1. Among the residues of the range 51-71, how many are within 17 Å of Ala113 (Cβ to Cβ), surrounded by fewer than 18 Cβ atoms within 10 Å (Cβ to Cβ) and of a type outside the set (Val, Ile, Thr)?
2. Of all the helices (runs of 4 or more DSSP H) wholly in the range 213-312, which have at least 1 residues that are surrounded by fewer than 24 Cβ atoms within 10 Å (Cβ to Cβ) and touching a helix residue (DSSP H, G or I) at 6+ places or on another chain (Cβ under 6 Å)?
3. Kindly evaluate Tyr22 against the criterion of being surrounded by fewer than 18 Cβ atoms within 10 Å (Cβ to Cβ), in contact with a helix residue (DSSP H, G or I) (Cβ under 6 Å, 6 or more places away or on another chain), touching a residue at least 24 places away in the same chain (Cβ under 8 Å) and not polar (S, T, N, Q).
4. State which residue is farthest from Ser58 (Cα to Cα) when the search covers only the range 68-102 and only residues that are among the polar types (S, T, N, Q) and within 19 Å of the chain's Cα centre (by Cα).
5. Which residues, counting only those in the range 115-137, are in a helix (DSSP H, G or I) and touching an Asp or Glu at 6+ places or on another chain (Cβ under 8 Å)?
6. Of everything in the range 83-111, what is within 24 Å of Val5 (Cα to Cα), among the aliphatic types (A, V, I, L, M) and without any contact (Cβ under 8 Å) to a residue 60 or more places away in the chain? Give them in sequence order.
7. Residues being crowded, with 19+ Cβ neighbours inside 10 Å and farther than 22 Å from Leu129 by Cα: count how many of those fall in the range 146-186.
8. If Met203 passes every condition in (1) assigned to a helix (DSSP H, G or I); (2) over 27 Å from Asn12 (Cα atoms); (3) in contact with a Lys or Arg (Cβ under 9 Å, 6 or more places away or on another chain) but one, which one does it miss?
Amino acid sequence: MNEMVLFTGNSNPGLAKKISAYIDKPLGSAKVETFSDGEIQIEIQENVRGKDVFLLQSTCTPVNNNLVELLLMLDALKRASASRITAVIPYYGYARQDKKVAPRVPISAKLIADLITASGATRVITMDLHAGQIQGFFSIPVDNLYGAPVIIEYVKKNFDHDLVIVSPDAGGAERARAFAKRLKAGLAVIDKRRSAPNQAKAMAVIGDVKGKITVILDDMVDTAGTLTEAAAALNANGACEVHACCSHPVLSGPAIQRINDSVLKSLLITDTIPLSKNAAESDKIKILSIADLVGEAIIRCHNGDSVTSLFV
């Protein structure tokens, strides 16, 4: 195969350095700056002609800036004659807007997929998509990685028996069931009813949690309204401890205050998104790195080996 090169934008430099160390390749040289009026300026500062390029960029906050950085870097690499360009997007923004939920609204996740493809990506590596069918929005190959191996290993080492995995809503029950099966744990589901956007009220717990250690499992935590309501419901139903885990710590708005004030004993997250200062200082938040997992997926894609076997 042609030589591998790894580039990154400004979205998650900490994760990029860890992945660079794992694959034993220095980060490629690129200028990613902003003009005084807000326009983004990109310049790839080394030869990539005929090379196998991997571009790491999460579309996290500031979402639109990071997205435009990704698109412009893809275009620059395409025009520099890279032989293959893989967009490595640990957190895929706009994923929650994956269908029409009302008249005259966009399917934003599909539009972003089209933009990434048109900009020059020939493959995408992402992690824990909010909805698996988003892979079908792309006309290029997509490898959707899972944070499960990293999270499950931690849970096995740090939680004793009488464990129950909890889905915060009916939509996440399948994911929670898979975790529970691998951990040989119980399963519970929260019956959630929304009164308004970004407001959720947990009404009932389906499953036995009395006297159990409970772990709420979600793909992302945004404002933490759903999470803290679910934690309160579990506590009210007799759970002896309430923990939570997620792949994508969006943690916007009042999320940190809600988590700190809640009955949650801990929130286990991965580093697909860099934490704000307030979040990093919270005693309840514990960070696991997915750098080795993503790095291994990059190596396997470069060598033409199976990525699926990472999760078997």
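1. 1
2. 255-261, 277-280, 291-303
3. Yes.
4. Gln97
5. Ser119, Gln133, Ile134, Phe137
6. Residues satisfying the conditions are Ile85, Ala87, Ile89.
7. Count: 3.
8. (1)
The values are calculated or read from the model by the stated rules, or taken from the named source; none is laboratory data. What you see is a predicted model; the values in this text were computed from it and never measured. Don't worry about glycine lacking a Cβ; one is built from the backbone with ideal geometry, like all the others, and counts go over all protein chains shown.
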